[in-house]
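The values are calculated or read from the model by the stated rules, or taken from the named source; none is laboratory data. Here the structure is a predicted model, which means the values were calculated and not measured. Note that each Cβ is placed from the backbone with ideal geometry, even for glycine, and that neighbours are counted across all protein chains shown. Note: accessible area is taken over every heavy atom of the protein model, side chains too, but ligands, DNA and RNA are not part of it. Shrake-Rupley method; radii C 1.70, N 1.55, O 1.52, S 1.80 Å.
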Amino acid sequence: MQRIIIIGNAGSGKSTLAIKLGKKLNLSVHHLDRIFWTPGWVSIPREQFAALQADLVAGERWIIDGNYKSTLDLRLAACDTVIFMDMPRLVCLWNVLKRRVMYHGKTRPDLSPECPEKIDLEFLRWIWHFKRDIRPGIVQKLATLGLGILRIHLRSRREVQRFLESPDAAPAQPPPYQP
């Protein structure tokens with residue numbers, strides 16, 4: 001596990017896992033939200049976003065967390081490990097509401113400066129419909145990945161904790177991928 005991508009619903013714990021795993025494995029951590037959003041929640045152009053990620057994945061050792069379907073194939077082609085944070089939607093909603101309160105008027109560490117925590121109805125709908133609208137595409141992509149890519153499918157906080165507590169942060173014999 002040298003080139004890891006972490007994907008999943010908003011509030012699933014991607015950034016938190018990335019930070020903990022980065023410390024454990026001594027890997028640099030890159031949050032896609034921090035790259036995509038500039039101060040005041042202004043997005044960078046898609047071409048620039050893809051170019052920045054191409055530079056990141058050219059490195060030998062890293063963790064990149066975030067979804068961004070438009071550049072997922074770029075990251076999948078370069079990674080050796082995919083961690084899918086497939087948490088229940090109520091857990092994700094709870095985590096998003098909790099961090100909204102925790103970071104009220106502040107910017108989270110995984111975001112660009114001057115991007116204070118916010119929630120709107122569109123974002124909540126995206127979280128709620130992730131399982132129906134986004135998850136099937138992720139599952140399909142993961143099922144078609146080559147054999148050389150380790151797929152780790154985490155479905156609960158308990159599984160995340162067990163994963164982090166394992167000696168090398170990966171199961172000795174990863175189970176076959178099951179959607």
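What is the list of residues in segment 118-153 whose amide nitrogen lies under 19 Å from a point 7 angstrom out from the Cα of Arg61, following Cα to Cβ? From segment 118-153, the list is 150. Other residues lying with their Cβ under 12 Å from the Cβ of Asp80 contribute a combined charge of +3, Lys and Arg counting +1, Asp and Glu -1. Taking 17 Å as the straight-line reach from the Cα of Lys14, the lysines in range (excluding those fewer than 8 positions away in the same chain) are Lys23, Lys24, Lys69, Lys98, Lys131.
Here the gap between Trp126 and Leu97, fully extended at 0.36 nm per residue and compared with their Cα-Cα distance, gives a gain of 9.0 nm.
Dipole magnitude for the chain: about 620 debye, using +1 per Lys or Arg Cβ and -1 per Asp or Glu Cβ, origin at the Cα centre. Amide H contacts for Ile152 (H built 1.01 Å from N in the peptide plane; partners 5 or more residues away or on another chain; cut-off under 5 Å): Val82, Ile83, Phe84. Within the chain, helices built from complete DSSP H runs that reach 18 Å or longer along their own axis (Cα positions) and carry a mean Kyte-Doolittle hydropathy of -1.0 or higher are 89-102. Of all DSSP bridge pairs formed entirely within segment 1-145, close to 15 percent run antiparallel.
How about segment 72-126: which GluC sites (Glu not before Pro) there are in a DSSP loop, with at most 16 other Cβ atoms within 10 Å of their Cβ? Qualifying residues, ordered by number: Glu114, Glu117. Once backbone amide H atoms are built at 1.01 Å from N, Ile64 has Ile4, Ile5, Ile6, His30 as its partners under 5 Å, excluding neighbours fewer than 5 places away on the same chain. In the full protein context, segment 38-179 carries 60 Å² of accessible surface per residue, based on a 1.4 Å probe and ignoring ligands, DNA and RNA. For the peptides 140-150, 88-98, 25-35, residues were scored by their other Cβ atoms within 10 Å and the scores averaged per peptide; the highest-first order is 25-35, 88-98, 140-150.
Per-atom-type breakdown for segment 1-115 gives carbon and sulfur 58% of the accessible area (1.4 Å probe, protein chains only). Applying a DSSP loop filter and a limit of 13 other Cβ atoms within 10 Å to the chymotrypsin sites (Phe, Trp or Tyr not before Pro) in segment 2-54 leaves Trp41.
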